[in-house]
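Student: What follows is a single structure, and I will ask about it in a moment.
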Amino acid sequence: NFIDKDFALAHSTHSLLCMPIINKGKAVAVLYLQNNKLSGAFHHKGVSSLRLLGGQIAISIENAVLYSKMEEEIYFRTKDIRSILD
């Protein structure tokens, strides 16, 4: 069960979608969408499109993590080189 009923009632939640973002068979994030105005806002066709986009989202997350690790590695290597040169 993904929703706290008390939270949903307190925030007038009419529609809720919670789905995993999966990359290479592993959940890397969770997409949480909430609509407080319209019941049934997340229908099958829209969810299918979100699943397709989910693959692209997962790849983007993976690339961002790899880029961050690369930046960190460059920072430390540059720091090491500077300490050798000084």
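The values are calculated or read from the model by the stated rules, or taken from the named source; none is laboratory data. Everything quoted here is computed from the prediction, not taken from an experiment. Accessible surface areas use protein heavy atoms only, side chains included; no ligands, DNA or RNA. Shrake-Rupley method; radii C 1.70, N 1.55, O 1.52, S 1.80 Å.
Student: For segment 7-51, evaluate the Debye formula with one uniform point scatterer on each Cα (no solvent term) and list log10 I(q)/I(0) at q = 0.15, 0.16, 0.17, 0.20 Å⁻¹, rounded to two decimals.
Tutor: So the normalised log intensities work out to -0.44, -0.50, -0.55, -0.70.
Student: Report the residue, chosen from 38, 53, 17, that carries the largest GNM mean-square fluctuation when the chain is represented by alpha-carbon nodes joined by springs under 10 Å.
Tutor: Maximum fluctuation in the GNM of the chain, among the listed residues, is at 38.
Student: So, one more: Given the Cα-Cα distance of residue 59 and residue 72 and 0.36 nm per residue of separation, how much length would full extension add, in nm?
Tutor: Details: separation 13, 0.36 × 13 = 4.68 nm, distance 1.99 nm.
Contour length minus Cα-Cα distance gives 2.7 nm.
Student: When the Karplus curve 6.51 cos²θ - 1.76 cosθ + 1.60 is applied with θ = phi - 60°, which whole-Hz ³J(HN,Hα) does each residue of segment 22-37 get, with x for Gly and Pro?
Tutor: Coupling constants for segment 22-37: 10, 9, 6, x, 10, 6, 10, 6, 10, 8, 10, 10, 9, 10, 9, 10 Hz.
Student: Can you list the HN-Hα couplings for segment 58-67, worked out from phi with the Karplus curve (6.51, -1.76, 1.60; θ = phi - 60°), rounded to whole Hz and with x for Gly and Pro?
Tutor: Running phi through 6.51 cos²θ - 1.76 cosθ + 1.60 with θ = phi - 60° gives 4, 5, 5, 5, 4, 5, 5, 5, 4, 5 Hz.
Student: So I have (1) 3, 16, 30, 26, 16, 8, 1; (2) 3, 12, 15, 14, 12, 11, 9, 6, 6, 5, 4, 3, 1, 0; (3) 3, 16, 28, 23, 15, 10, 5, 1, and one of them is P(r) over Cα pairs in 5 Å bins from 0, in percent calculated from this model. Which one is it?
Tutor: Only one listed value fits the structure, namely (2).
Student: Give me, ordered by chain and number, the residues 5 or more places off residue 29 or on other chains with an amide H under 5 Å from its own placed amide H.
Tutor: Those qualifying (amide H under 5 Å, at least 5 residues apart or on another chain) are 21.
Student: Find the accessible area per residue for the chain; the probe is 1.4 Å, ligands and nucleic acids are left out, and the unit is Å².
Tutor: Numbers: 7140 Å² over 86 residues.
So the chain comes to 83 Å² accessible per residue, rounded to a whole number.
Student: Next up: Run the accessible area of the chain with a 1.4 Å probe and give the carbon-and-sulfur part as a rounded percent.
Tutor: Working: 4280 of 7140 Å².
Reported share for carbon and sulfur atoms: 60 percent.
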